[in-house]
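Participant: Could you have a look at this structure, given as structure tokens, before my questions?
The values are calculated or read from the model by the stated rules, or taken from the named source; none is laboratory data. These figures come from a predicted structure and were not determined experimentally. All Cβ positions, even for glycine, are placed from backbone atoms using ideal geometry, and neighbour counts span all protein chains on display. Just so you know, the surface numbers come from the protein's heavy atoms only, side chains and all, with ligands and any DNA or RNA stripped out. Shrake-Rupley method; radii C 1.70, N 1.55, O 1.52, S 1.80 Å.
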Amino acid sequence: MYKKSASADVSMISKGSCYLEKQSQDTLPLKKGQEPDSKGKVVLKKKVTLLRGISIIIGTIIGAGIFISPKGILQHTGSVGMSLTVWTACGILSLFGALCYAELGTCIKKSGGHYTYILEAFGPLPAFVRVWVELLVIRPAATAVISLAFGRYILEPFFIQCEIPDLAVKLVTAIGITIVMVLNSMSVSWSARIQIFLTFCKLVAILIIIVPGVMQLIKGETQNFKDAFVGKDVSVMGLPLAFYSGMYAYAGWFYLNFVTEEVENPEKNIPLAICISMAIVTIGYVLTNVAYYTTITAEELVLSSAVAVTYAERLLGNFSLAVPIFVALSCFGSMNGGIFAVSRMFYVASREGHLPEILSMIHVHKHTPLPAVIVLYPLTMVMLFTGDIYSLLNFLSFARWLFIGLAVVGLIYLRYKRPEMHRPFKVPIFIPALFSFTCLFMVTLSLYSDPINTGIGFAITLTGVPAYYLFVIWDKKPKWFRKFSDRVTMMLQILMKVVPAEENIS
């Protein structure tokens, strides 16, 4: 663990060996669990209102998947009726998970999401493994994938008659990633405002699909719903994989918990934002899929590489050119929301001593966790131009649900371990029990249904165990290494104009 101390004119970092000169400032540590007053202090300010919270959740959940390829669920269920049932069930199950996180977020008022809850319930080792995998692979790969979709669809209207060059897609993608990183580094307020606008664009895009679909139903275009549950038999392995695809499409309901310390009145706004967002997303997803089936058969949907574009070309004529733009904006919103939220996990992990101390520092003027935001930039760029990103996501998609399930098990554990904990929002015990069982069941089953990819992901996750003992537990590192680390931290601190979070500035 790194420790911070204070003096009248300096801010001490890296166990007291490096200093950053400040003018007339007292730098005191942000105590663990403390909710700092943000007036006139170098802290993350409470700028996430209810509306901004809703936009973070909706804007991050709704990415490219619902517009491009919702065929994963159909492939594993075998029928239109069963696929719509799974879409609805996944929405309800995601709501259950979100309600569990609402309880966790209102009784543990610290940012960090999964990491923080696992740390509180089960200790530092599993929490470190979670943030280790997120930092090195999951988040850079996930950001690169959604960014590639942004790059491809922003260029779609310019390459109608020909294939889009891969280099052009990657260059535009790199520009998009850079804009998101700069935006989140410069201003929390502007990042949140843009997220609200992009969330509005996503909802408009969904309405553009739903409204013509409803009109088709009114006209009697229901042939694709006849014998809706007739199709190929669903295998025992196929149904859980369909839920896996559906839960991935709804993933994002947990991101508001990553920024708990920045939410205004979290006891009220976190549960409200979660419930409103999940209701809107679930209804929107189900109606969007119904709209697709009014025009596209199940066989055509499975073969389509971009369902929303195929649907728009049949019903909207020339206006269909707008659909790729809306998809691109939707992807950009997911990029922005994901970076905004996950950077807070790294910030909190650094504050706990599990990541380099520089990541827990805040820009002295912008009040943004600048180092925690830009640490993802080089890793994401490396994966964008060199890695097999989709394989990495296949390897590690199970890890997300493993740790989310573990965090919700932690909720049950804390009910018995710490019954005195203040819980302003409390869910019935069957909700976390059902949700955690489903998550862990899906993870376990994936070891049987896809042993190679899941096994590789499991092995990558386990690398966090030796890393924990090497980087966190082992405190007898060579003197030259400590000096080098201190020097690098000081240089980065001066370069980025960042200091540890404060209680007070004179």
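Participant: Using packing as a proxy for protection, rank 122-128, 443-449 so that the peptide with the highest average count of other Cβ atoms within 10 Å comes first. Don't skip to the answer; put the middle values down first.
Facilitator: Numbers: 122-128: 19.0, 443-449: 17.1.
Sorting 122-128, 443-449 by mean packing, highest first, produces 122-128, 443-449.
Participant: Quick check: the distance between the Cα centres of segment 448-503 and segment 124-147, to the nearest angstrom?
Facilitator: With segment 448-503 and segment 124-147 each reduced to a Cα centre, they are spaced 12 Å.
Participant: Ignoring ligands and nucleic acids, what accessible area does Phe441 show with a 1.4 Å probe (Å², nearest 10)?
Facilitator: 100
Participant: Taking the 0 to 90 degree range and rounding to the nearest ten, how far is the long axis of helix 376-386 tilted relative to the main principal axis of the chain, both from C-alpha atoms?
Facilitator: Computed tilt is about 50 degrees.
Participant: Working out 0.36 nm times the residue gap between Phe441 and Ile160, then minus their Cα-Cα distance, what length gain in nm do you get to one decimal? List each step's numbers first, then the result.
Facilitator: On the way: separation 281, 0.36 × 281 = 101.16 nm, distance 4.37 nm.
Between Phe441 and Ile160, full extension yields an extra 96.8 nm.
Participant: For the Cα atoms of the chain, what angle does the longest principal axis make with the long axis of helix 238-250, in degrees from 0 to 90, nearest 10?
Facilitator: Roughly 60 degrees between the two axes.
Participant: How far apart, in nanometres, would the label points at Phe122 and Ser187 be if each is projected 7 angstrom from Cα along the Cα-to-Cβ direction?
Facilitator: Output for this residue pair reads 4.1 nm.
Participant: Mind checking which of Leu95, Ala149, Phe340 is farthest towards the positive end of the chain's charge dipole, using Cβ charges of +1 (Lys, Arg) and -1 (Asp, Glu) about the Cα centre?
Facilitator: With unit charges placed on the Cβ atoms, the residue in question is Phe340.
Participant: Please arrange Phe332, Phe200 by accessible surface area, largest first, computed with a 1.4 Å probe and ligands excluded.
Facilitator: On the way: Phe332 30, Phe200 130 Å².
Of Phe332, Phe200, the descending order of accessible area is Phe200, Phe332.
Participant: How do Cys107, Cys100 stack up against each other in accessible area, from largest to smallest, with a 1.4 angstrom probe? Could you put the intermediate results ahead of the total?
Facilitator: Values: Cys107 25, Cys100 0 Å².
Reading off the accessible areas and sorting them downward yields Cys107, Cys100.
Participant: Another question about this same structure. Of all DSSP beta bridges in the chain, what percent run antiparallel (nearest 5)? Mind showing how you got there, number by number?
Facilitator: Numbers: 8 of 9 bridges.
Close to 90 percent.
Participant: Still on this structure, I have one more. For the chain, what does -39500 (n - 2.57) per DSSP helix run (n ≥ 4), summed and divided by total residues, give at 222 nm, in deg cm²/dmol to the nearest 500? Display every interim value, and only then the final one.
Facilitator: On the way: 21 runs with 327 residues, N = 506.
Mean residue ellipticity, 222 nm, calculated: -21500 deg cm²/dmol.
Participant: Show me the chymotrypsin sites (Phe, Trp or Tyr not before Pro) within segment 454-506 that DSSP assigns to loop and that have at most 16 other Cβ atoms within 10 Å of their Cβ. If you can, show how the numbers build up before the last one.
Facilitator: Details: sites: Phe458, Tyr468, Tyr469, Phe471, Trp474, Trp480, Phe481, Phe484; in loops: Trp474.
Answer in residue order: Trp474.
Participant: Modelling each spin label as a point 7 Å along the Cα-to-Cβ direction, I'd like the Leu136/Tyr413 distance in nm, to one decimal.
Facilitator: Calculated label separation equals 2.2 nm.
Participant: Once the whole set of protein chains is in place, how much accessible area is left on Lys170, using a 1.4 Å probe, in Å² to the nearest 10?
Facilitator: Solvent-accessible area, nearest 10 Å²: 60 Å².
Participant: Using only Cα atoms and rounding to the nearest 10 degrees, what angle (0 to 90) does helix 430-449 make with the longest principal axis of the chain?
Facilitator: Approximately 80 degrees, to the nearest 10.
Participant: Could you tell me the accessible area of Trp132 in Å² (1.4 Å probe, neighbours in place), rounded to the nearest ten?
Facilitator: Probe radius 1.4 Å; accessible area of Trp132 about 50 Å².
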